[in-house]
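**Q** Here it is: the structure, laid out below.
The values are calculated or read from the model by the stated rules, or taken from the named source; none is laboratory data. None of the values given here were measured: they were computed from a predicted structure. When we count neighbours, we look across all protein chains shown, and the Cβ atoms used for this are built from the backbone with ideal geometry, even at glycine. For accessibility, only protein heavy atoms count, side chains too; no ligands or nucleic acids. Shrake-Rupley method; radii C 1.70, N 1.55, O 1.52, S 1.80 Å.
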Amino acid sequence: MAHSRALGVLRDAFSDAVHLRNDLFSYQREVEDEKENSNGVLVLEHFLGCTTQEAAEAVNDLLTSRLQQFENTALTEVGPLCAEKGLSPAETAAVLAYAKGLQDWQSGGHEWHMRSSRYMNGGGAAARAAAPAAPGESGWGMAAATIHFTARAEAARPRRHTHVPYQHVGPSIVPDLDFPYALQLSPHLPGARERNIAWARRMAMLEPVPGRPASQIWDERRARNFDLPLCSAGLHPEATPEELDLSSNWLTWGTYGDDLYPVIYGRTRDLAGAHAANERLRLFMPLDGEPAPEPSDPMERGLADLWERTAGPMDEASRRTFRKAVEDMIASWEWELANQALHRIPDPVDYIEMRRFTFGADMTMRLCRLSHGDRVPDEIYRSGPIRSLENSAVDYAMLLNDFFSYQKEIEYEGEVHNAVLVVQNFFGVDYPTGVDMVHELMKGRMEQFQHVIKVELPILYDDFALNAEARDVLDGYVRELQDWMAGILNWHRECVRYRDEDLRGGTGGTSGATWQLSGPTGVGTSAAQIVTLLGRPAAAHA
């Protein structure tokens, strides 16, 4: 339970709220008096180019969002997870007491900031002037129980559920991406293209799954148009033909799954079916050579093949790490389906953190590291600078994907998982402004990536007294991450998956234009129209 997503979100949301609150109260002391530069209000003031008060309001909105994320997770995820894990009543009570303890700490922190003279002018006069406690709410620390939600906070709660799906947005707006690294492509790309189509055909990805309606999401023409080997050829320009095939097949498997789950599980709100499918997939990633069941569909067949080819040569520790990367990715698909079912635009922080998993970044980066062997200690890869380097690269790549995929996701698929939409909803801005804000974030992530290379990695090398071989490996890893980003950008620019003309022709989406305009038909499918119907009053009002 402690390592589950649900409890991790509770801890992260709790921590974020604690620190954002402190930044609000401490701004004057830290920034104006002590000339500090590590304060959330100052960060947003600089990033958004706004006034201090506007930045403070934005930080407060983010604090509210994090507390509401805590609330949502505690109410919708913790209980079902306790049941899934088979916890006893006493164990379940202990988990719930842990969540309650975090809430109490949060209230106590708020009360202290309101009363303490450390930050507030007049030594917390505002707290002394507060209304008296209601009956039964007296005593030390109980004043927080009388705090009422503000109108601004209450307005934020329903706003993320009011997005009208399938709005016409037109061609995706892609800003001028001034990318600093040169593209390199593998010379083995032409052969990889043909071999990848042959592999997808053997896995039965290009045909319907018997007994599963709407399961033929790809055919050969669509798979060729997606051209995933082109992406792999940029990610791994120095790969052997076998390594390029393996990378291309993994990208094909992951993209196929990412397209399949919304079609067969999302439209019907079949979250239990998606979870059962993921539990089955885990059986095809054995750690100790135990036998796997007979595959029953393309996802299982593809994973069984890829796992044998990838994990077979690994040692046990590497095998476990790589398996977790795959598990995190498929679990993130369930998170997307749950938000779709609730018609809920994610909290900004939760979106960024989960998007790293839905993008499959950790899995593809693990493939990059296969050639490193054990020449670099594991603690180096777990260090702050390396994690910052990787997260910066991942964020840059996934945000550029959200630029290119905006029309496909918002107009054709009724999606809510897109950084531009998340920013639009959170800040209440229009589409072009959302693009500009996400673009600024992308530029900031690239600056962070380059800062780590220039400033932090040399210190890391010296702190760990790395030998010349380990330094060469890590310098090579930096180049691999640069290639990784360059390959992803090139693929988005060249493939037809996201182009307006291809979406209108039904070649770039996962389900074709007909379904998105009219919805599914047949017995029992009328409920699939509910989101569109709910959206009509809001659209008319707007």
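**Q** If each residue of separation counts as 0.36 nm, what is the full-extension length gain between S296 and R282 once their alpha-carbon separation is subtracted?
**A** Result for the pair: 3.7 nm of gain on full extension.
**Q** Once R0 is set to 25 Å, what does the formula 1/(1 + (r/R0)^6) return for the Cβ-Cβ distance between L185 and V478, expressed as a FRET efficiency to the nearest 0.05?
**A** The formula returns an efficiency of 0.80 here.
**Q** Using alpha carbons only, how many angstrom separate the centre of segment 227-264 from the centre of segment 23-95?
**A** About 36 Å separates the Cα centre of segment 227-264 from the one of segment 23-95.
**Q** Further question: With labels modelled as points extended 7 Å from the Cα through the Cβ direction, what inter-label distance (nm, one decimal) is found for A97 paired with F47?
**A** About 3.8 nm separates the two model spin labels.
**Q** If you average the sequence gap of Cα pairs under 8 Å that are 6 or more apart and divide by the length of the chain, what percent do you get for the contact order?
**A** 17 percent.
**Q** Once amide H atoms are placed 1.01 Å from N in the peptide plane, what residues at a sequence separation of 5 or more from S215, or on another chain, have their amide H within under 5 Å of its amide H?
**A** V209
**Q** Separation between the D430 and L75 pseudo-spin-labels, each 7 Å from Cα along Cα→Cβ, expressed in nm?
**A** Placing both labels 7 Å beyond Cα along the Cβ direction yields 3.5 nm.
**Q** Roughly to the nearest percent, how much of the accessible area of the chain is carbon and sulfur, given a 1.4 Å probe?
**A** 55
**Q** Once R0 is set to 51 Å, what does the formula 1/(1 + (r/R0)^6) return for the Cβ-Cβ distance between S38 and E194, expressed as a FRET efficiency to the nearest 0.05?
**A** Once the sixth-power term is evaluated, E becomes 0.45.
**Q** With every protein chain left in place, what is the accessible area per residue of the chain in square angstrom, probe 1.4 Å?
**A** 47
**Q** Something else about it: Fully extended, how many nm does the chain gain between D219 and H3 (0.36 nm per residue separation, minus their Cα-Cα distance)?
**A** 73.9 nm
**Q** To the nearest 20 Debye, how big is the dipole of the chain about its Cα centre, given +1 on the beta carbon of each Lys and Arg and -1 on that of each Asp and Glu?
**A** 1160
**Q** Here is a follow-up. Charges at C-beta only: +1 for Lys and Arg, -1 for Asp and Glu. How large is the resulting dipole of segment 1-72 about its Cα centre, in Debye rounded to 20?
**A** Dipole size: approximately 400 debye.
**Q** Here is a follow-up. Given H placed on each backbone N at 1.01 Å, which residues far from N39 in sequence or on other chains put an amide H within less than 5 Å of it?
**A** Those qualifying (amide H under 5 Å, at least 5 residues apart or on another chain) number zero.
**Q** Based solely on its DSSP helices, what 222 nm [θ] is calculated for the chain when runs of n ≥ 4 H residues each add -39,500 (n - 2.57) and the sum is averaged over all residues, nearest 500 deg cm²/dmol?
**A** Using -39500 (n - 2.57) per qualifying helix, the result is -20000 deg cm²/dmol.
**Q** Of the options A56, Q184, G289, report the single residue whose Cα projects farthest towards the positive end of the charge dipole of the chain (beta-carbon charges: Lys, Arg +1; Asp, Glu -1).
**A** Value: A56.
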